[in-house]
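Student: Here it is, the structure, as structure tokens.
The values are calculated or read from the model by the stated rules, or taken from the named source; none is laboratory data. Quick caveat, the model's predicted, so the values are computed rather than measured. For neighbour counting, all protein chains shown are included, and Cβ atoms are generated from backbone atoms with ideal geometry for every residue, glycine included.
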Amino acid sequence: MADRFAGKTVVVVGGNSGIGLATAIAFDREGARVAIIGRNAESLEAARRSLGSDALAVRADIADLAQIERAAAEVAAAFGKVDVVFANAGTGAMVPFRQVAEETWDAVMNVNLKGMYFSVQKLVALMGPGGAIVLCSSVGSLRSWPGSTIYSASKAAVNALGRGLASELLADGIRVNVVIPGGVDTPIMSRTTGVPPEAADAIKRDMAEHTPMRRLGTPEEIADAVLFLASNQAAYITGTELIVDGGLVGCAA
């Protein structure tokens, strides 16, 4: 288990914090060469220091297609090939439907859907047979709450994208799956549009109380699921969605 990814090259899009960083560290620990892509220079550099000496950190805003193309070119120049992509970068918004403005819609969709779509498109050009792609969705794609229409719609689209890519890339020998985290204790809540900083902790407490296991998940628990889907242990799995949510969807609270 410790060397499942020895000799493999892994790209984590949105690998500078939260689930992405925990997953990048896990891949690194299991022998992979890791490239992380993120838009915040400070957190990106801090994340790089937590990885092996051969890790690559690429600053890019995946809402911008030109920056996605540049990031993929940097990965190609450094590593030549890619075996695994974890498309994790995301943002959120908690805004009542009647108050949603076009700029809020664009800010979420340009990262969660457009950015994911085109980052995978550019990176898959570096993959060959045996490659694995894991997309990060959210339990918000399956259950929605007031104020979450944009976020939930973007993540439901990610689920559909995963199924579509799995079908289209099957002939290339590339597997595509989706991980669906439930409530996870990460920094995304403090960066979510429409949520005052003082409200973030209250929202986290509420999420934990409404999860059947009565707690939030950890980034490391999601990372375990991602590594399974990306590994040879999941060689017969493609086009599926793995829900890691403390029972929120499948169990009565």
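Student: Any idea which of (1) of a type in the set (Lys, Arg); (2) under 22 Å from PRO219 (Cα atoms); (3) in contact with a strand residue (DSSP E or B) (Cβ under 9 Å, 6 or more places away or on another chain) is the one ARG143 doesn't satisfy?
Tutor: Of (1) of a type in the set (Lys, Arg); (2) under 22 Å from PRO219 (Cα atoms); (3) in contact with a strand residue (DSSP E or B) (Cβ under 9 Å, 6 or more places away or on another chain), only one is false for ARG143: (3).
Student: So which residues in the stretch 44-85 are polar (S, T, N, Q) and either surrounded by fewer than 17 Cβ atoms within 10 Å (Cβ to Cβ) or in contact with a Leu (Cβ under 8 Å, 6 or more places away or on another chain) (or both)?
Tutor: SER50, SER53
Quick grid of which residues meet (1) out of contact with any Ser or Thr (no Cβ under 8 Å at 6 or more places or on another chain); (2) under 24 Å from LEU229 (Cβ atoms); (3) at pLDDT below 95:
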| site | (1), (2), (3) |
| --- | --- |
| VAL11 | yes, yes, no |
| GLY14 | yes, yes, no |
| ILE19 | no, yes, no |
| GLY38 | no, yes, no |
| ILE62 | no, yes, no |
| ALA78 | yes, no, no |
| ALA87 | no, yes, no |
| ALA93 | no, no, yes |
| ALA107 | no, no, no |
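Student: Right, another one. Within the set of pairs 6 or more residues apart or between chains, which connect a residue that is under 19 Å from ASN88 (Cα atoms) and surrounded by 17 or more Cβ atoms within 10 Å (Cβ to Cβ) inside the stretch 100-111 to a residue that is at pLDDT 95 or above and polar (S, T, N, Q) with Cβ atoms less than 8 Å apart?
Tutor: Qualifying pairs under 8 Å: VAL108/SER154; MET109/SER154.
Student: Go through (1) hydroxyl-bearing (Ser, Thr, Tyr); (2) touching a residue at least 12 places away in the same chain (Cβ under 8 Å); (3) surrounded by fewer than 22 Cβ atoms within 10 Å (Cβ to Cβ) and name the single condition SER137 misses.
Tutor: Checking SER137 against (1) hydroxyl-bearing (Ser, Thr, Tyr); (2) touching a residue at least 12 places away in the same chain (Cβ under 8 Å); (3) surrounded by fewer than 22 Cβ atoms within 10 Å (Cβ to Cβ), the one that fails is (3).
Student: Could you give me the residue pairs with C-beta distances under 8 Å whose first residue belongs to the stretch 61-88 and is in a helix (DSSP H, G or I), whose second residue is exposed (fewer than 15 other Cβ atoms within 10 Å of the Cβ) wherever it lies, and which are 6+ apart or on separate chains?
Tutor: Qualifying pairs under 8 Å: ALA72/ALA125.
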